[in-house]
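Presented below is the structure to which this report refers.
The values are calculated or read from the model by the stated rules, or taken from the named source; none is laboratory data. Remember, it's a predicted structure, so these values are computed and weren't measured experimentally. Cβ atoms come from the backbone with ideal geometry, glycine included; neighbour counts cover every protein chain shown.
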Amino acid sequence: MQTGRFIRRENPENGIARIVLARPEARNAQSPDLLYELDAAFTSAAADDSVRVIVLAADGPDFSSGHDLKAGTALPCPPVATIAAGLESGGAEGHYAFECETYLGLCKRWRDIPKPTIAQAHGRTIAGGLMLLWPMDIIVAASTATFSDPVTAFGVNGVEYFTHVWELGARRAKEILFTGRTMTAHEAQTAGMVNHIVDLDELESFTLDLARRIAARPPFGLRLAKESVNRCLDAQGQSVALDSAMGLHNLGHAAALARHGQIVEPTGIDVILREAKGAPLNTATAGVGTDD
Ligand code: ZN
C-alpha cells in the first residue's frame, strides 16, 4: 500500500489497483493537492504493468463534496494536462487557465487512461464530485448514493466536465441543471449514468468482483475497446462540446467577477442550501465544499 496525504493506493489482489480518496474529514473536497495526488496515483497505476484494472473509491460518508475553493488555485506541481499560460495572471484570465488545467484538463486525462477504470460511489457526490465519477469507464453505486450538480445557483452552466447530456440525456440534464435537485442512485441508473446499484455493505466486494472479471481478459483488447468507445464519443462531438461548455462556464465566472468581485454569485450557497431542504435525502449539500 502507498499512502499520500489525500490519496491512498491499495492493491487488493493481483491485477487490480484501488485508488482511494482519503480526505473524509472534508467529505473528499477537491483541493489542488488532492487532485494532483490523484493524478499521480492514476499515472502510476497506468504505468504499472501488473495493474490491469483501476478502481476509484472514497473514504468517509460521502464520495466527494466537490471543489475546495478555500484551498486556493496554486498548483502543487507543474501543469500536467495543458501547456498552461496565464496561471499567474489573476482575474478571469488566470481562473480560466487554472480550470482548463486542473479541472477539465485532468478529467480528460483520466477519461483516456489506457486501462479500464471503475468508480464505486457511495453517499453524496456533489458538483465537482461528478468530475471524478464521469471520466471513469464504469460506475457502481451504493443504493443510498445521491448525485447533484446545483451550480447554476453560482451563475455558471454546470461543472467544468460538461458531459451531462451523455450521462443523463438532454431533457434530464436540463432539468437537473435548472433545478439543482438531487438524483437518487436509481434515477442515475435509469438515466444510464450508473451501471450497477448494490447495497452499501456489498459495494466494495461487488466492485472488486467486477474488476476481477475484467482483469481476466487481455489488457490490449481492453485498451482497444476503451479507445474505440471513447473515439465514438469524440465522433459524436463530446470533446468539442466539453471545450465549448468550458468557455461558457468561464463566461459565467467572468460575469460574476465583474459584477461581484468574486467568481461565483454570492447568493449561490444560500440558494443551494434552501433548495436542498426539499430534496430527497435533504442533507444533500450540508457538507458542500464546492464553488462550481
Ligand atoms: Zn468553474
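When only residues in segment 106-121 that are over 12 Å from the mean Cα position of the chain (by Cα) and either hydrophobic (A, V, I, L, M, F, W, C) or within 15 Å of the ligand (Cβ to nearest atom) (or both) count, which is farthest from Ala245 (Cα to Cα)?
Within segment 106-121, the match that is farthest from Ala245 (Cα to Cα) is Ile118.
If you check Ala29 against the conditions, is it in contact with a Leu (Cβ under 6 Å, 6 or more places away or on another chain) and closer than 27 Å to His253 by Cα?
Considered against the rule, which asks whether it is in contact with a Leu (Cβ under 6 Å, 6 or more places away or on another chain) and closer than 27 Å to His253 by Cα, Ala29 comes out as no.
Look through segment 126-142, keep the residues that are in contact with a Ser or Thr (Cβ under 6 Å, 6 or more places away or on another chain) and among the β-branched types (Val, Ile, Thr), and return whichever of them is farthest from Val165 (Cα to Cα).
Val140
If we scan segment 69-80, do we find a residue that is on the phi < 0 side of the Ramachandran plot and buried (at least 21 other Cβ atoms within 10 Å of the Cβ)?
Within segment 69-80 (the criterion being on the phi < 0 side of the Ramachandran plot and buried (at least 21 other Cβ atoms within 10 Å of the Cβ)), the answer is no, since none of the residues qualifies.
From Arg217, Arg259, which residue is modelled with pLDDT of 95 or more, more than 23 Å from the chain's Cα centre (by Cα) and not in a helix (DSSP H, G or I)?
Step by step, each of Arg217, Arg259 is checked, and only Arg217 is modelled with pLDDT of 95 or more, more than 23 Å from the chain's Cα centre (by Cα) and not in a helix (DSSP H, G or I).
Any idea which residue in segment 191-203 is farthest from Val20 (Cα to Cα), counting only those that are surrounded by 13 or more Cβ atoms within 10 Å (Cβ to Cβ) and within 19 Å of the chain's Cα centre (by Cα)?
Initially, segment 191-203 is screened for residues surrounded by 13 or more Cβ atoms within 10 Å (Cβ to Cβ), giving 191, 193-198, 200, 202-203.
From what is left, the residues that are within 19 Å of the chain's Cα centre (by Cα) are 191, 193-197, 203.
Values: Ala191: 26, Met193: 21, Val194: 19, Asn195: 20, His196: 20, Ile197: 20, Leu203: 14 Å.
If we take residues in segment 191-203 being surrounded by 13 or more Cβ atoms within 10 Å (Cβ to Cβ) and within 19 Å of the chain's Cα centre (by Cα), then Ala191 is farthest from Val20 (Cα to Cα).
When segment 87-112 is examined, which residues are found to be touching a Phe, Trp or Tyr at 6+ places or on another chain (Cβ under 7 Å) and at pLDDT below 95?
Passing the criteria: only Leu87.
Within segment 25-50, how many residues turn out to be in a helix (DSSP H, G or I) and either of a type outside the set (Ser, Thr, Tyr) or within 18 Å of the chain's Cα centre (by Cα) (or both)? Show your work before the answer.
Initial filter on segment 25-50 (in a helix (DSSP H, G or I)): 25-26, 32-47.
Checking which are either of a type outside the set (Ser, Thr, Tyr) or within 18 Å of the chain's Cα centre (by Cα) (or both) leaves us with 25-26, 32-43, 45-47.
Number of matching residues: 17.
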